[in-house]
Amino acid sequence: MIYTLLLGLWLLGSPSSPPTGKTYAVVVGIADYERLSNRTGDLRFADRDARRFAAFLRSKAGGQVAASQLRLLTNRQATQSAIQQALTLFQRATPVDRVIFYFSGHGLPDSFVPYDGSPGLTSSYLPHSAVKQAFFRSGANTKLCIADACLSGSMTRQTAVSPTRAVISGLPQSGNVAMLLASRSTESAVEAGRLEGGAFTHYLLDGLAGRADQNRDHLVTIRELHRYVSPRVQSLTSGRQAPVFFGHFSDQLVVSHP
């Protein structure tokens, strides 16, 4: 098996057909934090971005995900315990299904910050390892983690298993496992006032809605999505934010049916 690195994107050569199973999704967006304020670090659009992503999943292009298969948690709903409980939804998935975790909010190295996270108290955060464990416990063949958060690229930490091969620490090594991350491990994720949302989520949803469909076949592959999102985010942020698409998956993995 040959791996090729392209702007932080691991690609497998085999094609991937459109999904025939169900989608199970946990969507989290936190703008109004319990222990923060507008002055001390609240965000403006993270909750809105989560609602927009959930709306995409409910749409035809997103697979018309049923309410029973979707957990949307915003602001005070998105406590550490509530997110962890929601992640157990993934255990219902079978090999023909896919699972999606979307997070928009504050990020730290190795963690996402839930609504009730306390500054400096790491035990109150949602560690990246909790999401990876939820992926491990799921029987789904396709697993997507999408994060519009500062330092989200730290999820790509690798463990060397041989001189020529590395794996993403803590992630399953079979099937399609992809992380679509707003920024590198040292970068902030920008909210743009004129877009009324995070730059990454804005272009991600634009691409999923069909603008990334370069060959006009009414399918958006993960390769097409990367080619659409990455240069636009980098242009908007003057190079200060570079999205990272990382994992092990077919570059023809279909992520949308506009």
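The values are calculated or read from the model by the stated rules, or taken from the named source; none is laboratory data. Keep in mind that what you see is a predicted model, and the values were worked out from it rather than measured. Backbone-built Cβ (ideal geometry, glycine too); neighbour counts: all protein chains shown.
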Answer residue from segment 72-101, given it is in contact with a Phe, Trp or Tyr (Cβ under 6 Å, 6 or more places away or on another chain) and part of a loop (DSSP other than H, G, I, E, B) and is farthest from S37 (Cα to Cα) among those: A93
Residue check for G107: of a type in the set (G, A, S), under 27 Å from G193 (Cα atoms), surrounded by 17 or more Cβ atoms within 10 Å (Cβ to Cβ) and touching a helix residue (DSSP H, G or I) at 6+ places or on another chain (Cβ under 8 Å): yes
Every residue from segment 213-229 that is free of Cβ contacts under 8 Å to residues at least 24 places away in the same chain and within 18 Å of F246 (Cβ to Cβ): E224, R227
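So, in segment 27-83, of the ones that are of a type in the set (S, T, Y) and crowded, with 22+ Cβ neighbours inside 10 Å, which residue ends up modelled with the lowest pLDDT?
The initial filter retains those residues of segment 27-83 that are of a type in the set (S, T, Y), namely 33, 37, 40, 59, 68, 74, 79, 81.
Filter again for crowded, with 22+ Cβ neighbours inside 10 Å, leaving 33, 74.
Details: Y33: 93, T74: 98.
Checking each candidate, the answer is Y33.
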Single residue of segment 227-258 satisfying the filter (small (G, A, S) and outside any loop (DSSP other than H, G, I, E, B)) that is farthest from A182 (Cα to Cα): S250
Any chance L195 is within 16 Å of S104 (Cβ to Cβ), among the aliphatic types (A, V, I, L, M) and outside any loop (DSSP other than H, G, I, E, B): no
Pick from segment 78-128, criterion free of Cβ contacts under 8 Å to residues at least 60 places away in the same chain and among the small types (G, A, S), ranking: nearest to A54 (Cα to Cα): A78
L6 vs. criteria among the aliphatic types (A, V, I, L, M), surrounded by fewer than 20 Cβ atoms within 10 Å (Cβ to Cβ) and either modelled with pLDDT under 50 or out of contact with any helix residue (DSSP H, G or I) (no Cβ under 8 Å at 6 or more places or on another chain) (or both): yes
Residues located in segment 121-153, provided they are farther than 10 Å from V177 by Cβ, among the polar types (S, T, N, Q) and surrounded by 23 or more Cβ atoms within 10 Å (Cβ to Cβ): S138, S152
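How many residues are in a loop (DSSP other than H, G, I, E, B) and either within 15 Å of the chain's Cα centre (by Cα) or among the small types (G, A, S) (or both) when one looks only at segment 114-129?
To start, the set of residues in segment 114-129 that are in a loop (DSSP other than H, G, I, E, B) comprises 114-121, 125.
Of the ones still in play, those that are also either within 15 Å of the chain's Cα centre (by Cα) or among the small types (G, A, S) (or both) are 117-118, 120.
Residues that pass the stated criteria total 3.
For S16, are the conditions met, namely being hydroxyl-bearing (S, T, Y), modelled with pLDDT of 95 or more and not in a strand (DSSP E or B)? Break it down into steps so the answer makes sense when it comes.
On the way: hydroxyl-bearing (S, T, Y): yes; modelled with pLDDT of 95 or more: no; not in a strand (DSSP E or B): yes.
Criteria not met by S16.
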Number of the condition not met by D213 [criteria: (1) part of a loop (DSSP other than H, G, I, E, B); (2) modelled with pLDDT of 95 or more; (3) under 21 Å from G105 (Cα atoms)]: (3)
